[in-house]
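Data block below; observations after.
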């Protein structure tokens with residue numbers, strides 16, 4: 001990111017991600033425009049034509065579900081859409097694995113971009129280089145769909161206590177389903193119980209006037225306890241599986257991570273919000289809003 005870039009922000013400045021986006025614009029020198037409100041976001045995207053877009057997963061989920069709703073209403077358009085996504089995913093896989101593109105796939109992808117994906121990119125302003133998602137877990141299916149549509153949607157991970165991101169996928173190193181690699185002076189360690197531990201100058205020094213909470217938040221080695229469960233793969237990419245406090249233990253003694261199930265259910269266009277419940281019960285249930 002540099003002075004040639006521009007971003008349209010719609011995040012509240014009471015949220016650490018919104019604040020860091022503002023600080024990032026000052027540091028990197030890119031232009032930051034403020035959306036009038038969420039209802040006018042589509043109009044503002046056409047006006048500003050950002051090269052970078054930073055948002056929360058729900059925004060990208062709504063874009064994805066909105067597209068599906070539109071195409072499913074027309075059988076021919078639906079078949080074209082499925083063909084375009086299938087073509088895009090083959091191209092996406094080749095890019096991820098740095099494999100040469102088959103001539104037929106390349107020709108079909110050019111056609112898919114013109115017929116299907118081009119209008120989608122135009123709705124986002126037409127100049128988007130990549131988008132960043134944070135603040136909540138992003139479904140892998142959403143990231144893979146956008147990449148198939150020739151839009152790179154990258155995910156990062158952080159907390160208010162860590163001054164936002166401590167890991168991030170970048171345009172040069174990304175792994176869908178992960179929140180990226182640590183950067184700068186960030187050290188990531190996985191505790192015996194699976195909790196993600198972080199050490200960095202970005203991490204807070206204390207909770208204001210709360211020494212007990214501060215002491216409980218750090219290990220003896222000075223690592224901050226995030227409260228998230230995760231794992232590092234062989235390439236150093238971090239994957240968050242759930243919140244430590246959110247793990248459900250069924251009556252049979254089995255631990256269930258609700259976050260993954262909730263993300264899968266939210267891919268359904270008819271579901272707005274979902275809550276998985278089942279602690280100390282024989283079965284898991286989902287409460288949904290339409």
Any idea what angle helix 16-28 forms with the longest principal axis of the chain, computed on alpha-carbon atoms, 0 to 90 degrees, nearest 10? 70 degrees
Which Rg and Dmax, in Å, describe the Cα atoms of the chain? 20.4, 64
Suppose the chain between residue 192 and residue 34 were pulled fully straight at 0.36 nm per residue; how much longer would it get relative to their current alpha carbon spacing? 52.6 nm
At 0.36 nm per residue, and after removing the present C-alpha to C-alpha distance, how many nm does the segment from residue 275 to residue 129 gain when stretched out fully? 49.2 nm
Relative contact order of the chain, pairs being alpha-carbon contacts under 8 Å that are 6 or more residues apart, as %: 12 percent
Give me the extension gain from residue 250 to residue 104: residue separation times 0.36 nm, minus the current Cα-Cα distance, reported in nm with one decimal. 47.6 nm
What value in Å³ per residue do you get for the convex hull of the alpha-carbon atoms in the stretch 247-289? 54 Å³
Using only Cα atoms, tell me the angle between helix 75-96 and the longest principal axis of the chain; keep it within 0 to 90° and round to the nearest 10. 60 degrees
In Å, what Kirkwood hydrodynamic radius results for the stretch 53-179 from the alpha-carbon pair distances? 15.3 Å
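Every number in this text was worked out from the coordinates using simple rules, so none of it is lab data. None of these values were measured; they are calculated from a predicted model.
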